[in-house]
Amino acid sequence: MVKNLFTPENVMATQRVIGADIIMAFDECTPYPCDYSYAKDSLDMTHRWLKRCVANHQENDPKYGFSQALFPIVQGSVYKDLRVKSAEFIAEQNMPGNAIGGLSVGEPHEEMYAMTDIVCDILPEDKPRYLMGVGTPINILENIALGVDMFDCVMPTRNARNGMLFTWEGTMNMKNRKWADDFTPLDVHGTSYVDSFYSKSYVRHLFHANEMLGKMIATAHNLAFYMDLVKQAREHIEFGDFSDWKNKVVHKLSERL
């Protein structure tokens, strides 16, 4: 008989050995859509696993001489009562930070924001809130407004490989014919060296020639844009005008150039 390797204890041990600074609790990310009974059973299982993760984390010393933080994960699909139940249970664990999972899996953005809002009202304000797998620039700004501190997402690199660039004026599809004779810089507002070094027409040529350099340039641009996005968001939070600034920029961010 083959022993099941995917247990909370093994998942914890693997993250500990690779030297993760943040260790994620073992959970199940429910698909969208899923019915209520499935979401509830999945949530109960995730909470049982969390108890085992917490016990394992407390029983074992961190590796390599530095601390490793365990983040529990709130689940519950798009059902308000399940999200409340999960957020309350996660908050009770008193871990260094807390994650919100099971969103950005196909549900409408309005559902994502509604669930995030509910959860952030419960999770402690003095510990980082990490929204997993999110998202577009607009998603990030809207969820920051709801109280989220941390994000991760493949979107800037995945979209870059397909020729989609995020800019402060909107998104650009570098495969479009309109850029063929546009010799202006890739992005005059960009913060990466690629934005002033390469032209739109050249980057379009690279994509149509299937040259890897095109994907590399687009990736460098998108990563720099995302860093600039959250940098400016932080500055406006500190200045006290984040909401006004956010409401103005999301309209441009949604445009297609």
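Count the net charge of all other residues whose Cβ sits under 9 Å from the Cβ of His189, scoring Lys and Arg as +1 and Asp and Glu as -1. Could the numbers behind the result be given before it?
Numbers: positive: none; negative: Glu169, Asp187, Asp195, Asp228.
After counting each charged neighbour, the total is -4.
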message = Take Tyr36 and Val17, extend 7 Å from each Cα along the Cα→Cβ direction, and tell me the distance between the two endpoints in nm.
response = 4.3
inquiry  = Nearest 10 degrees is fine. How inclined is helix 36-59 to the longest principal axis of the chain, computing both from alpha carbons?
reply    = 80
note = Between the residues Pro31, His236, Thr116, the Cα farthest towards the positive end of the dipole of the chain, that dipole coming from +1 and -1 charges on the beta-carbon of Lys, Arg, Asp and Glu, is from Pro31
task = Give, in nm to one decimal, the length gained when the segment between Lys63 and Glu92 is fully stretched (0.36 nm per residue of separation minus the Cα-Cα distance).
result = 7.9 nm
message = Using Cβ contacts closer than 10 Å as the measure, can you line up Phe197, Phe207 from fewest to most?
response = Phe197, Phe207
request  = Please build a GNM for the chain, connecting alpha carbons under 10 Å apart, and tell me which residue among Ser86, Ser201, Ser104 fluctuates the most.
outcome  = Ser201
ask   = If one computes the Cα centroid of the range 202-239 and of the range 40-114, what distance in Å separates the two points?
value = 31
task = Give the calculated FRET efficiency between Glu235 and Thr191 to the nearest 0.05, with a Förster radius of 22 Å applied to their Cβ-Cβ distance.
result = 0.95
key: For the range 77-90, 3J(HN,Hα) per residue [Karplus equation, 6.51 cos²θ - 1.76 cosθ + 1.60, θ = phi - 60°, Hz, x = Gly/Pro]   = 6, 10, 9, 4, 5, 6, 5, 4, 4, 5, 4, 5, 5, 5
task = Scan the range 91-160 for GluC sites (Glu not before Pro) in coil per DSSP, keeping those whose Cβ has at most 10 other Cβ atoms within 10 Å, and list them by number.
result = Glu125
task = Find which of Gly76, Thr136, Phe207 sits farthest along the positive direction of the dipole of the chain, computed with +1 on the beta-carbon of Lys and Arg, -1 on that of Asp and Glu, about the Cα centre.
result = Phe207
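Compute the length gained on full extension between Leu223 and Trp245: take 0.36 nm times their separation in residues and subtract their Cα-Cα distance, giving the result in nm to one decimal.
That pair, Leu223 and Trp245, stretches by 5.8 nm at full extension.
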ask   = If we count other beta carbons within 10 Å of each Cβ, what is the order of Lys246, Lys127, Lys200, fewest first?
value = Lys127, Lys246, Lys200
inquiry  = Restricting to DSSP loop positions (anything but H, G, I, E, B) with no more than 14 other Cβ atoms inside 10 Å of their own Cβ, which GluC sites (Glu not before Pro) remain in the range 194-257?
reply    = Glu211, Glu255
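With +1 on the Cβ of every Lys and Arg and -1 on the Cβ of every Asp and Glu, and nothing else charged, how large is the dipole of the chain about its Cα centre, in debye rounded to the nearest 20? Each step should come with its number before you reach the end.
Details: 26 positive and 34 negative charges, 181 e Å.
In total the dipole reaches around 880 debye.
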ask   = What is the magnitude of the charge dipole of the range 157-253 about its Cα centre, with +1 placed on the Cβ of each Lys and Arg, -1 on the Cβ of each Asp and Glu, and no other charges, expressed in debye to the nearest 20?
value = 460
Whichever lysines have a C-alpha closer than 22 Å to that of Lys252, once near sequence neighbours (fewer than 8 apart) are set aside = Lys175, Lys178, Lys200, Lys231
inquiry  = What does the net charge come to around Val78 if you take all other residues with beta carbon closer than 9 Å to its beta carbon, with K and R at +1 and D and E at -1?
reply    = 0
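Provide the net charge surrounding Cys34, with neighbours chosen by a C-beta distance below 13 Å and charges set as Lys +1, Arg +1, Asp -1, Glu -1.
So the environment of Cys34 carries a net charge of -4.
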remark   = Per-residue ellipticity at 222 nm attributable to helices in the chain (runs of n ≥ 4 DSSP H, -39500 (n - 2.57) apiece, nearest 500 deg cm²/dmol) works out to -16000 deg cm²/dmol
task = Would you please name the chymotrypsin sites (Phe, Trp or Tyr not before Pro) within the range 26-99 that are DSSP coil residues with at most 14 other C-beta atoms within 10 Å of their C-beta?
result = Tyr64, Phe66
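Every number in this text was worked out from the coordinates using simple rules, so none of it is lab data. These figures come from a predicted structure and were not determined experimentally. Virtual Cβ from ideal backbone geometry, glycine too; neighbours counted across all protein chains shown.
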